[in-house]
Amino acid sequence: MGIITSLGRCLVTLLNIFFLIISLVLTAAGVIAFYASDISFINTMEEKIRESLKLMAEDTSTGSAGIDDFSITEFMGGIGMALIISGCCLLILSFFGCCGACCKFKTLIFTYAVIITVLLVAEIIVIILLYAAPDTIIGSIKNVLLESLKGYKGIGSSDATTLGWMFVMEQMKCCGVNSYLDFSTTNTDDWKHPGTITPDLDAPLMCCIEKPTDDTMLATSCARTPLVINEKGCFDAVWDEVLGNTKLAVIVYVLAFLFQVLLIIFSYLMYIDGKKKGNKVYPRV
């Protein structure tokens, strides 16, 4: 038992040193996200997207004044905060695990074991719901996205929600949340007749596989013909990009599960070993 506990202590210490480094990286990335407007790469990407949107707006005789307000950095603040919070939480957790294992402080290692156990149970519940009853989680996410999509106004708008959706649809080559039919629920019909375009469009111009080069009936027919509209919804496009490889996802889940189970087992073993010598830091002689 002593050898197993010692090996477990080394494993827990090394893994939490690794997690400690990851937490610092996440926190640093979050801070950088707050200052994204000063990063040349982000600025270059924004400029390219603006030029692409302006070109299409000009070709289709649509106002392009609002496109100048497009900014990825407007959406980076929330991402930055999420990264900082995640980094800080992981930092605290890795501190508990590292110090608890390295210094043999039983209170810290017990707290660490309890937190890891709770996280593991929560992860199992989420994974089960995600694959056995996807509507429970996916349905809720889609409802939020559909509500956001109702504010879509089309090319030329300075509305942040509209600009955000245009960016996603352009980058992911997708349309709407589920499909272009989602746009039938928008609060405004501005996107149906941008500029001088008539008759009304069935889907936003951003959904065309090949973007129109002028405002003629023929050029803009791509937004009235389902066969030349990006069929895939943006939710599925993002989902496939992140979790589309089922085999890889299963491998990641299994490895993460095994690592966490090992961490829990070794943590409880160290806690039991620590109870024999009292709740204090004690160097091994």
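No value in this document is a laboratory result; all are computed from the given coordinates. Not measured: the values here are computed from a predicted model. Here Cβ is always computed from backbone atoms with ideal geometry, including for glycine, and neighbour counts include all displayed protein chains.
Report, to two decimal places, the Cα Rg of the range 200-249 normalised by 2.2 N^0.38 Å (N = number of residues).
Normalised Rg, Cα atoms only: 1.50.
Relative contact order for the range 110-177: what is it in percent, counting Cα pairs under 8 Å that are at least 6 residues apart?
Averaging sequence separation for qualifying contacts and normalising by length gives 19 percent for the range 110-177.
Mind grabbing the base-10 log of I(q)/I(0) for the range 185-228 at q = 0.13, 0.17 Å⁻¹? Debye formula, identical points on the C-alpha positions, no solvent, two decimal places.
Taking Cα atoms of the range 185-228 as identical point scatterers yields -0.23, -0.40.
Please give the peptides 99-106, 18-25 ranked by average Cβ packing (other Cβ atoms within 10 Å per residue), highest first, as a rough proxy for protection.
Ranking the peptides 99-106, 18-25 by packing returns 99-106, 18-25.
Dividing the convex hull volume of the Cα atoms of the range 153-202 by its residue count, what figure in Å³ per residue is obtained?
That works out to 81 Å³ per residue.
Between GLU210 and LEU146, how many nm apart are label points set 7 Å from Cα along the C-beta direction?
Those two pseudo-labels are separated by 3.4 nm.
Along Cα→Cβ, 7 Å out, is where each label goes; now give me the distance between the ones at LEU181 and VAL252 in nm to one decimal.
3.1
Quick one: go through the range 219-243 and flag any residue whose amide nitrogen is under 17 Å from the point 7 Å out along the Cα-to-Cβ line of MET45.
It comes to 238-239, 241-242, nothing else.
Taking 7 Å along the Cα-to-C-beta vector as the label spot, tell me the ILE127-SER52 distance in nanometres, rounded to one decimal.
Each label point lies 7 Å from its Cα, and together they span 3.6 nm.
Using only alpha carbons, build the gyration tensor for the range 117-188 and give me the equivalent ellipsoid semi-axes, biggest first, whole Å.
31, 13, 11
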